[in-house]
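Colleague: This is the structure, below, for whatever I ask next.
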Amino acid sequence: MIRTIRWENNALCFLDQTLLPLEERYVTTSDYRVVAEAIRRLQVRGAPLIGVAAAYGLCLGALEAAGLDREGFFRFLARVDGELRGTRPTAVNLFWALDRMGKVWRSLEAQEASVDTVVERLIKEAQAMEEEDVCTNERIARFGAQLFADGDRILTHCNAGALACVQWGTALGTIHWAFLKEGKRLTVYADETRPLLQGARLTAFELQKSGIPVTVICDNMAGFLMSRGEIDKVIVGADRIALNGDFANKIGTYTVALLAHYHRIPFYVAAPLSSVDFDALNGQAIPIEERNREEVILWGGRQISPSGVGVRNPAFDVTPWSLVSALVTEEGVLYPPFLEKFEEIKRKKKGG
Ligand code: MRU
């Protein structure tokens with residue numbers, strides 16, 4: 001299975017996803033600015049992977065600043081943290097990961113630990129996050145696989161696969177587990193996912209590589225297939241889940257959820273608990289990234305709309321919890337309503 005990211009000899013090596021599926025090229029860097037830019041440009045993308053990449057970005061910043069005096073070192077770290085936070089606003093895993101790294105370096109700063117100790121501990125923390133991501137996704141995959149029956153035809157939107165994580169993936173992890181480990185004969189429909197085509201490029205690439213039958217459709221074809229009884233289930237990932245279960249995912253997810261609801265097709269979400277924003281009461285509190293106009297009006301580098309035309313490019317939308325049939329996490333499958341369940345998890349987290 002694809003591995004998207006590796007830490008090697010104090011450098012970060014990541015798969016450049018903008019080149020897929022035509023080219024599988026890994027970029028190795030020891031510059032945190034390259035990591036920040038890779039997140040911004042979606043060379044590295046998908047909520048869980050953005051989190052791990054940002055954690056390693058901070059490690060690169062720490063290595064770069066290791067020659068400075070203590071004060072300068074921590075000032076530099078705070079600046080790197082701020083730059084990484086500014087790359088993409090919606091996936092909460094970015095902030096979750098940097099908060100976790102922040103706890104490490106700020107507590108060591110308070111303990112007056114040496115710069116070398118801080119660097120070493122930050123690298124250890126990022127490596128722990130990388131490994132946890134693999135275990136978490138494996139658990140999600142196992143739980144989620146139970147939702148599928150032999151012969152299911154499953155629709156997915158965007159890419160919530162191994163490419164969006166360190167390994168396995170969330171939504172696609174469940175499909176992989178059911179297909180490869182449980183021998184269920186599944187077929188996947190991948191929405192192309194305009195404007196950046198994560199479905200057509202990445203989901204299709206990943207499933208084909210694993211030998212799972214996959215068919216690409218344009219985003220506006222899902223309703224037709226559902227109306228003809230050709231879709232049995234839908235599963236997607238999430239970039240940020242609010243306390244009540246409303247969740248943000250790639251633009252177009254909300255439309256798919258509405259279509260599934262109308263056609264009485266189960267609509268599942270698979271995500272780690274690190275994608276839950278326990279401070280966001282509902283979907284209104286989720287910041288939505290707006291990206292540049294060129295992504296919409298250029299097609300393969302060629303302009304497809306008149307110059308000067310108005311363009312909107314929100315990268316995510318919010319689906320209300322009431323359209324979700326079940327939410328698969330590493331702690332098991334949750335069924336709506338979600339509010340009390342998340343409040344309980346939040347209480348436990350605070351207590352622990
Ligand atoms: O803009 P992207 O490609 O980073 O958006 C990715 C998604 O919307 C995924 O569905 C989400 O991050 C879940 S990934 C396990």
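Colleague: Just a yes or no: is a residue in segment 201-219 under 24 Å from residue 56 (Cβ atoms), crowded, with 21+ Cβ neighbours inside 10 Å, aliphatic (A, V, I, L, M) and within 16 Å of the ligand (Cβ to nearest atom)?
Modeller: Yes, that holds for at least one residue.
Colleague: Has segment 8-22 got any residue that is crowded, with 19+ Cβ neighbours inside 10 Å, in contact (Cβ under 8 Å) with a residue 40 or more places away in the chain and under 20 Å from residue 120 (Cβ atoms)?
Modeller: Scanning segment 8-22 turns up at least one residue that is crowded, with 19+ Cβ neighbours inside 10 Å, in contact (Cβ under 8 Å) with a residue 40 or more places away in the chain and under 20 Å from residue 120 (Cβ atoms).
Colleague: Same structure again: Looking at segment 182-260, what strands (runs of 3 or more DSSP E) fall wholly within it and have at least 1 residues that are farther than 28 Å from residue 273 by Cα?
Modeller: Ranges flagged: 214-217.
Colleague: Among the residues of segment 78-85, are any within 20 Å of the chain's Cα centre (by Cα), of a type in the set (Asp, Glu) and more than 15 Å from the ligand (Cβ to nearest atom)?
Modeller: The answer is yes; a qualifying residue exists.
Okay, residues lined up against (1) under 20 Å from the mean Cα position of the chain (by Cα); (2) part of a loop (DSSP other than H, G, I, E, B); (3) within 16 Å of the ligand (Cβ to nearest atom):
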| site | (1), (2), (3) |
| --- | --- |
| 6 | yes, no, no |
| 34 | yes, no, no |
| 43 | yes, yes, yes |
| 48 | yes, no, yes |
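Colleague: Considering only segment 88-106, how many residues are within 16 Å of the ligand (Cβ to nearest atom) and either in the same structural domain as residue 241 (by TED's automatic domain parsing) or open to solvent by 10 Å² or more (accessible area, probe 1.4 Å) (or both)?
Modeller: The total comes to 5.
Colleague: Only one of 60, 68, 42 is at positive phi and either of a type in the set (Asp, Glu) or modelled with pLDDT of 95 or more (or both); which?
Modeller: Step by step, each of 60, 68, 42 is checked, and only 42 is at positive phi and either of a type in the set (Asp, Glu) or modelled with pLDDT of 95 or more (or both).
Colleague: Let me ask you something else. Being crowded, with 22+ Cβ neighbours inside 10 Å, more than 16 Å from the ligand (Cβ to nearest atom) and at pLDDT 95 or above: is that true of residue 141 here?
Modeller: no
Colleague: For segment 107-123, what are the residues that are outside any helix (DSSP H, G or I) and open to solvent by 70 Å² or more (accessible area, probe 1.4 Å)?
Modeller: 111, 112
Colleague: So which of 126, 162 ends up being under 19 Å from the mean Cα position of the chain (by Cα), over 23 Å from residue 217 (Cα atoms) and crowded, with 17+ Cβ neighbours inside 10 Å?
Modeller: Answer to the check: 126.
Colleague: Step by step: first the residues of segment 291-311, then only those that are free of Cβ contacts under 8 Å to residues at least 24 places away in the same chain and within 16 Å of the ligand (Cβ to nearest atom), then the one that is surrounded by the most Cβ atoms within 10 Å (Cβ to Cβ). Which residue is that?
Modeller: Looking at residues that are free of Cβ contacts under 8 Å to residues at least 24 places away in the same chain and within 16 Å of the ligand (Cβ to nearest atom), I get 294.
The values are calculated or read from the model by the stated rules, or taken from the named source; none is laboratory data. Given the structure is predicted, the values throughout are model-derived calculations rather than measurements. No Cβ is skipped: glycine too gets one built from the backbone with ideal geometry, and neighbour counts run over all protein chains shown. The area values use the complete protein model at the heavy-atom level, side chains included, leaving out ligands, DNA and RNA. Shrake-Rupley method; radii C 1.70, N 1.55, O 1.52, S 1.80 Å.
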